[in-house]
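Working notes, structure below.
The values are calculated or read from the model by the stated rules, or taken from the named source; none is laboratory data. Only a predicted model underlies this, so the values are computations on that prediction, with no experimental measurement involved. Calculation scope for accessible area: heavy atoms of the full protein, side chains included, ligands and nucleic acids excluded. Shrake-Rupley method; radii C 1.70, N 1.55, O 1.52, S 1.80 Å.
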Amino acid sequence: MVDVRATFEAAGFGAVASLLQSGNLVFEAGSATDAEVEARAEQALKERLDLTTEVVVRDADAWRAMIAANPFPDEAVADPSHLVVMAMKTAPAEGAEAAMAAVPGRERARVIGDHAYIYYPDGIAGVRLIGAPLDRALGARGTGRNWNTVLKLAALAGA
(Lines give C-alpha, C1' and ligand atoms only; values in the text may rest on other atoms or scores of the structure.)
Protein backbone atom coordinates (compact mmCIF):
# COMPACT_ATOMS: atom_id res chain seq x y z
CA MET A 1 0.00 0.00 0.00
CA VAL A 2 2.98 2.31 0.44
CA ASP A 3 3.59 2.15 -3.32
CA VAL A 4 -0.09 2.70 -4.10
CA ARG A 5 -0.27 5.73 -1.80
CA ALA A 6 2.90 7.13 -3.38
CA THR A 7 1.43 6.57 -6.85
CA PHE A 8 -1.69 8.53 -5.98
CA GLU A 9 0.38 11.33 -4.46
CA ALA A 10 2.56 11.46 -7.59
CA ALA A 11 -0.61 11.65 -9.69
CA GLY A 12 -1.56 14.82 -7.86
CA PHE A 13 -4.09 13.52 -5.35
CA GLY A 14 -3.91 15.08 -1.89
CA ALA A 15 -4.16 13.84 1.68
CA VAL A 16 -3.84 10.20 0.57
CA ALA A 17 -4.56 7.70 3.35
CA SER A 18 -5.05 3.96 3.17
CA LEU A 19 -7.09 1.48 5.16
CA LEU A 20 -6.07 -2.15 5.40
CA GLN A 21 -4.02 -3.76 2.63
CA SER A 22 -6.74 -4.20 0.03
CA GLY A 23 -6.61 -1.01 -2.01
CA ASN A 24 -8.86 1.11 0.18
CA LEU A 25 -7.80 4.74 -0.18
CA VAL A 26 -9.23 8.03 0.91
CA PHE A 27 -7.85 11.12 -0.81
CA GLU A 28 -8.64 14.58 -2.10
CA ALA A 29 -9.21 14.98 -5.84
CA GLY A 30 -10.40 18.55 -6.18
CA SER A 31 -13.32 19.15 -8.51
CA ALA A 32 -12.69 16.19 -10.84
CA THR A 33 -15.59 13.85 -11.51
CA ASP A 34 -15.49 10.26 -10.26
CA ALA A 35 -14.93 9.04 -13.83
CA GLU A 36 -12.02 11.46 -14.31
CA VAL A 37 -10.45 10.37 -11.03
CA GLU A 38 -10.90 6.69 -11.91
CA ALA A 39 -9.22 7.16 -15.29
CA ARG A 40 -6.35 9.20 -13.83
CA ALA A 41 -5.79 6.68 -11.04
CA GLU A 42 -5.90 3.68 -13.38
CA GLN A 43 -3.38 5.33 -15.69
CA ALA A 44 -1.06 6.22 -12.80
CA LEU A 45 -1.17 2.67 -11.43
CA LYS A 46 -0.37 1.28 -14.88
CA GLU A 47 2.50 3.68 -15.54
CA ARG A 48 4.14 3.64 -12.12
CA LEU A 49 3.44 0.10 -10.85
CA ASP A 50 2.63 -1.75 -14.10
CA LEU A 51 -0.67 -2.61 -12.44
CA THR A 52 -3.74 -2.94 -14.65
CA THR A 53 -6.79 -2.69 -12.43
CA GLU A 54 -10.17 -1.04 -12.28
CA VAL A 55 -10.53 1.79 -9.81
CA VAL A 56 -13.94 2.58 -8.38
CA VAL A 57 -14.35 5.99 -6.76
CA ARG A 58 -17.05 7.46 -4.55
CA ASP A 59 -16.87 10.95 -3.13
CA ALA A 60 -17.76 11.53 0.52
CA ASP A 61 -21.34 12.59 -0.29
CA ALA A 62 -21.94 9.45 -2.37
CA TRP A 63 -20.39 7.32 0.39
CA ARG A 64 -22.74 8.85 2.97
CA ALA A 65 -25.71 8.29 0.65
CA MET A 66 -24.67 4.66 0.09
CA ILE A 67 -24.55 4.09 3.85
CA ALA A 68 -27.91 5.79 4.37
CA ALA A 69 -29.53 3.70 1.61
CA ASN A 70 -28.55 0.37 3.22
CA PRO A 71 -31.61 -1.89 2.91
CA PHE A 72 -30.29 -4.25 5.62
CA PRO A 73 -29.93 -2.04 8.71
CA ASP A 74 -30.54 -4.84 11.22
CA GLU A 75 -27.86 -7.03 9.63
CA ALA A 76 -25.48 -4.06 9.55
CA VAL A 77 -25.70 -3.90 13.34
CA ALA A 78 -25.97 -7.58 14.23
CA ASP A 79 -23.67 -9.13 11.60
CA PRO A 80 -21.69 -6.41 9.77
CA SER A 81 -18.91 -8.68 8.55
CA HIS A 82 -21.42 -10.66 6.46
CA LEU A 83 -23.01 -7.60 4.83
CA VAL A 84 -21.18 -6.58 1.66
CA VAL A 85 -21.68 -3.51 -0.49
CA MET A 86 -20.63 -3.71 -4.13
CA ALA A 87 -19.78 -0.34 -5.64
CA MET A 88 -20.05 -0.51 -9.43
CA LYS A 89 -18.50 1.70 -12.08
CA THR A 90 -21.87 1.68 -13.87
CA ALA A 91 -25.38 0.98 -12.72
CA PRO A 92 -26.25 -2.72 -12.57
CA ALA A 93 -28.27 -4.20 -15.41
CA GLU A 94 -32.04 -4.09 -15.42
CA GLY A 95 -33.20 -7.19 -13.58
CA ALA A 96 -29.96 -7.59 -11.61
CA GLU A 97 -31.79 -8.05 -8.34
CA ALA A 98 -33.90 -10.87 -9.76
CA ALA A 99 -30.82 -12.45 -11.34
CA MET A 100 -29.05 -12.44 -7.96
CA ALA A 101 -32.13 -13.95 -6.29
CA ALA A 102 -32.08 -16.78 -8.85
CA VAL A 103 -28.60 -17.90 -7.75
CA PRO A 104 -29.05 -20.78 -5.26
CA GLY A 105 -28.28 -19.93 -1.65
CA ARG A 106 -29.56 -18.12 1.42
CA GLU A 107 -28.03 -14.80 0.43
CA ARG A 108 -30.26 -11.76 0.16
CA ALA A 109 -29.43 -8.95 -2.22
CA ARG A 110 -30.79 -5.55 -3.16
CA VAL A 111 -29.72 -3.09 -5.82
CA ILE A 112 -29.97 0.62 -5.12
CA GLY A 113 -28.50 2.94 -7.74
CA ASP A 114 -24.97 1.84 -8.59
CA HIS A 115 -24.61 -0.29 -5.45
CA ALA A 116 -25.56 -3.84 -4.63
CA TYR A 117 -26.03 -4.79 -0.99
CA ILE A 118 -25.62 -8.48 -0.30
CA TYR A 119 -26.13 -10.20 3.01
CA TYR A 120 -24.33 -13.54 3.34
CA PRO A 121 -25.89 -15.05 6.50
CA ASP A 122 -23.56 -18.07 6.44
CA GLY A 123 -20.44 -16.18 5.39
CA ILE A 124 -18.88 -15.92 1.95
CA ALA A 125 -16.96 -19.20 1.87
CA GLY A 126 -18.63 -21.70 -0.43
CA VAL A 127 -21.42 -19.44 -1.70
CA ARG A 128 -22.38 -19.20 -5.35
CA LEU A 129 -23.30 -15.51 -5.37
CA ILE A 130 -19.73 -14.23 -5.65
CA GLY A 131 -17.13 -13.63 -8.36
CA ALA A 132 -18.15 -14.32 -11.95
CA PRO A 133 -21.74 -15.42 -11.11
CA LEU A 134 -22.24 -12.18 -9.20
CA ASP A 135 -20.73 -10.11 -12.03
CA ARG A 136 -23.04 -11.85 -14.53
CA ALA A 137 -26.10 -11.26 -12.35
CA LEU A 138 -25.23 -7.59 -11.91
CA GLY A 139 -24.22 -7.03 -15.52
CA ALA A 140 -21.57 -4.68 -14.18
CA ARG A 141 -18.20 -4.97 -12.49
CA GLY A 142 -17.44 -3.48 -9.16
CA THR A 143 -15.68 -3.94 -5.89
CA GLY A 144 -17.11 -5.14 -2.61
CA ARG A 145 -16.43 -4.17 0.98
CA ASN A 146 -17.98 -5.57 4.13
CA TRP A 147 -19.96 -3.22 6.33
CA ASN A 148 -17.16 -2.90 8.90
CA THR A 149 -14.81 -1.62 6.19
CA VAL A 150 -17.52 0.65 4.77
CA LEU A 151 -17.86 2.37 8.15
CA LYS A 152 -14.09 2.56 8.70
CA LEU A 153 -13.67 4.24 5.31
CA ALA A 154 -16.45 6.67 6.17
CA ALA A 155 -14.69 7.57 9.40
CA LEU A 156 -11.35 7.97 7.62
CA ALA A 157 -12.98 10.27 5.05
CA GLY A 158 -14.80 12.24 7.72
CA ALA A 159 -18.03 11.15 6.01
Using protein chains only and a probe of 1.4 angstrom, how many square angstrom of LYS152 are accessible, to the nearest 10? 110
Expressed to one decimal in nm², the mean projection of the alpha carbon convex hull of the chain is 9.2
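When the helix-only estimate is applied to the chain (DSSP H runs of n ≥ 4, each -39,500 (n - 2.57), divided by the residue count), what is the mean residue ellipticity at 222 nm, nearest 500 deg cm²/dmol? Don't skip to the answer; put the middle values down first.
Details: 7 runs with 65 residues, N = 159.
Roughly -11500 deg cm²/dmol at 222 nm, from the helical runs in the chain.
Given a 1.4 Å probe, how much area per residue of the stretch 20-115 is accessible, in Å²?
Working: 5460 Å² over 96 residues.
Per residue, the stretch 20-115 has 57 Å² of solvent-accessible surface.
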Using alpha carbon positions and the Kirkwood radius, the Rg to Rh ratio of the stretch 73-150 is 0.93
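Between VAL103 and ILE124, 0.36 nm times their residue separation minus their Cα-Cα distance comes to what? Don't skip to the answer; put the middle values down first.
Working: separation 21, 0.36 × 21 = 7.56 nm, distance 1.39 nm.
Additional length available on full extension: 6.2 nm.
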